[in-house]
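K.L.:
Below is one structure. I have some questions about it.
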Amino acid sequence: MRMRQIRDHEPAMKITSALWRARPLVYAIILLGAALRFYQLGHFSLWDGEIFTLFISQKPLDLILPALRDFGAHPPMWFFITRAFNAFGWNEWMLRAPAALVGILTIPTLYLAGKRAENRIVGLLAALLCAVAPIAVLYSQVGRMYSVILPLTALALYALTRALQTRAWLWWFALALCSALLAYNQYLSLLAVGSAYLMAGLILFAQTWQRARPFHIGAFVREFFRRSARMWASFAAFFILLAPLLPLMQKNFFQRQLVREATTTFTPVTVNADFLRALFLDLAGNEWLLLLSGLLVFAGILLSLRKRDYRSLLLLVTWFGLVFAVVTVIHPRRFPSRYVLHLVPIYLLLTAHGLYLLGAWASQFAPRANATQVTRACVGLGAALLCLLAFLELASMYRGTQEISRGEKTTALLLNGGWRELAHYLNANVAPGDLIVYGGDGPLRPPRFIAPYVSAEYQTRAHSASAPDNAAQKIWWVGVNLSANDIVNPTDTQVAPLRSFGDTSVALATRPVQWQSAPLPASLEKWQIEVEPDKPGLTVRETQANAEPPIWSVTLSAPVNARLLSEPVRVAPGQLFRVTARVRGVSEGFYDFSPGLSLRFYNAQGKRVADTGAQTLLPADAAGWQTLVLDGAAPPNAATARLVIAWSAYSFTYAPQTEMIDLRWQLEQLAH
């Protein structure tokens, strides 16, 4: 339904001069938004979410859905879009171009939503704020599904307003379609769907209440369902459109993501001052933008309530309140703003509406002849100040110095990881026989994140040849937020200063190294086998009994997670190791492989202190054999280690039969 307009001072509604003619201004605002979104689009290297997008979208079309089922917690729409854009190769610009294009579409759709809800001025202000909003520009330059949420939310709002105004079946179906597309793009956008239908239901309930005089509960219920019948039909259409997605959603969202949230060991997120500050800082852009936009939202709601217009308050309560309620109930391990980007159009509309109402309110203190000029001046000044503050924040974003997500508790969102630059540096400097040790925050990330940027020749050069014994071994320490304290050396070692590439650093350590072979169990019976309880399906047999190294054939007859553990071997902190195995039939996950290699470390008391599994998979030879390589150094406090060979359930889909030969575990020989 159309928001009531302030009519106390008619000049405030007569802003129809060339300054406010909508079409040229909308075109200009769209061009501004496009320029901001395409500026430096390919400047930064990929970050982890984009690398996951690339990992999935490069798979054959028939494997994208199974890959999302097994490795992700996402619906498929965005990955098929990215697959189309990168069908003939990829680079950073092409991977992000779909997000930029969709982000530009948010500007006209938000204009339409604001115009339909209030008037052209509110629509224009909302479009302008969207064009320069730091969070909208940021996620339009990220090759992920987040920017799609913005125009779909604006279209859902527009369809909802038209449906309530006209009660036409077309607009109720349009709302169902927008809602379904939101769910096919991101599961957490179901919050937006719930908010839209909750808002519609409350408006229809209020309309029924106003007309139910005298009140009779039976008549009230019948009248409410008569008025809301098309809304319920729209909701049913949404579920019908959602039906094909439900099997995938049940597997990769409900079983994987929500169970992970329920069993997390992180401190859960709660709706407190820190959570609210992080969320609204991200929505606004920075502290000054939050202060100004927050005052405008507050003023807009107060001025609306003065006229007994409750729709702004209803918009705030239904859309933000549902998010707060869900966080309160599920207590997720993390809840950054990118999970609820559907709140961005709502926040911008409320800000634009507040600015418009404040300008109209200020005009009543001016002489009637100057009221229009006062309104223009107030609205123009407020919009200019908001744009100036947004441009200052965008300047920091383009330099890569922005705080990405204040609600993020991990280092997962690294827009300035510098993986491309790091890969080029390693490619130019790593020689055969060098050893690469991954440390810092999240050691599994570097080998995965540099993989798109390095060649097969580099992988073979960096991870296959061994240096001669007692020669000066170059050890490249690589990691996110790597510090000097992460570099553990058991003997005298020359360590060069850290060299940083964005959030990632590398340090070169040099010392003489002599290698020795660690003992491995001579027969399969001496390995400890761990299989998921009540999930049979793993068969391991020795192709050649008591072979040294072992030769195994592994078959999965059902999806099952299983591990083989060696006997403990004594290690020392900082002691280098290399584990290699030749495999045929390996399956590639995002951070791991199946079968995969890792070392499980224990302290002197036998307590497990760390797992190291940053592996590299070398290219296949003519017979299909590939080499898995696990390089690294024992962590601080490590006293013993066990080699772990793991098979993941996803192998059942991609390679249920595996062969493994030439398993070797080498350790740096230390003087006792």
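K.L.:
Just give me the residues in region 50-64 being polar (S, T, N, Q) and part of a helix (DSSP H, G or I), in sequence order.
P.N.:
Thr53, Ser57
K.L.:
Quick check on region 291-326: of everything there that is part of a helix (DSSP H, G or I) and among the aromatic types (Phe, Trp, Tyr), which residue is farthest from Leu348 (Cα to Cα)?
P.N.:
Phe324
K.L.:
From Val560, Val569, Val513, which residue is open to solvent by less than 20 Å² (accessible area, probe 1.4 Å) and touching a Gly at 6+ places or on another chain (Cβ under 9 Å)?
P.N.:
Val560
K.L.:
May I ask you to say which residue of Val629, Val644 is within 19 Å of Leu556 (Cα to Cα), part of a strand (DSSP E or B) and modelled with pLDDT of 90 or more?
P.N.:
Val644
K.L.:
Right, here's the next one. Can you tell me which residues in region 643-670 are within 25 Å of Arg608 (Cα to Cα) and either among the small types (Gly, Ala, Ser) or surrounded by fewer than 20 Cβ atoms within 10 Å (Cβ to Cβ) (or both)?
P.N.:
Ala646, Ser648, Ala649, Arg664, Gln666, Gln669, Leu670
K.L.:
Taking the criterion of being within 22 Å of Ala192 (Cβ to Cβ), modelled with pLDDT of 90 or more and not in a loop (DSSP other than H, G, I, E, B), would at least one residue in region 268-275 satisfy it?
P.N.:
The answer is no; no qualifying residue exists.
To keep it simple, each residue is scored yes or no on (1) part of a helix (DSSP H, G or I); (2) under 36 Å from the mean Cα position of the chain (by Cα); (3) modelled with pLDDT of 90 or more; (4) under 30 Å from Leu150 (Cβ atoms).
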| residue | (1), (2), (3), (4) |
| --- | --- |
| Ser189 | yes, yes, yes, yes |
| Trp209 | yes, no, no, no |
| Pro214 | no, no, no, no |
| Leu242 | yes, yes, yes, yes |
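K.L.:
(1) at pLDDT 85 or above; (2) farther than 20 Å from Thr106 by Cβ; (3) open to solvent by 10 Å² or more (accessible area, probe 1.4 Å): which one isn't true of Leu357, the others all being true?
P.N.:
Going through the list (1) at pLDDT 85 or above; (2) farther than 20 Å from Thr106 by Cβ; (3) open to solvent by 10 Å² or more (accessible area, probe 1.4 Å), Leu357 breaks only (3).
K.L.:
Restricting to region 165-177, count the residues that are open to solvent by 20 Å² or more (accessible area, probe 1.4 Å) and either of a type in the set (S, T, N, Q) or assigned to a helix (DSSP H, G or I) (or both).
P.N.:
The total comes to 8.
K.L.:
Output the residue which, of all residues in region 71-127 that are without any contact (Cβ under 8 Å) to a residue 24 or more places away in the chain and assigned to a loop (DSSP other than H, G, I, E, B), is most open to solvent (accessible area, probe 1.4 Å).
P.N.:
Phe88
K.L.:
Would you mind stating whether Asp282 is touching a residue at least 40 places away in the same chain (Cβ under 8 Å), acidic (Asp, Glu) and either open to solvent by less than 70 Å² (accessible area, probe 1.4 Å) or over 18 Å from Ala126 (Cα atoms) (or both)?
P.N.:
Taking the combined requirement at face value, the residue satisfies it.
K.L.:
Pairs needed: first member in region 609-621, over 21 Å from Thr460 (Cβ atoms); second member anywhere, outside any strand (DSSP E or B) and open to solvent by 20 Å² or more (accessible area, probe 1.4 Å); C-beta distance under 8 Å; at least 6 residues apart or different chains.
P.N.:
Matching pairs, first to second residue: Val609/Asn603; Val609/Pro635; Val609/Asn637; Ala610/Pro635; Thr612/Pro443; Thr612/Pro635.
K.L.:
I'd like the full set of residues that are open to solvent by 30 Å² or more (accessible area, probe 1.4 Å) and not hydrophobic (A, V, I, L, M, F, W, C), limited to region 604-614.
P.N.:
Residues satisfying the conditions are Gln605, Gly606, Lys607, Arg608, Asp611.
K.L.:
Looking only at region 58-104, which residues are of a type in the set (Lys, Arg) and under 20 Å from Ala451 (Cα atoms)?
P.N.:
Within region 58-104, Lys59, Arg83, Arg96 meet the criteria.
The values are calculated or read from the model by the stated rules, or taken from the named source; none is laboratory data. All values reported here derive from a predicted model rather than from experimental measurement. In this analysis, Cβ positions are derived from the backbone assuming ideal geometry, glycine residues included, and neighbour counts consider all displayed protein chains. The accessibility values were calculated without ligands, DNA or RNA, using every heavy atom of the protein model including side chains. Shrake-Rupley method; radii C 1.70, N 1.55, O 1.52, S 1.80 Å.
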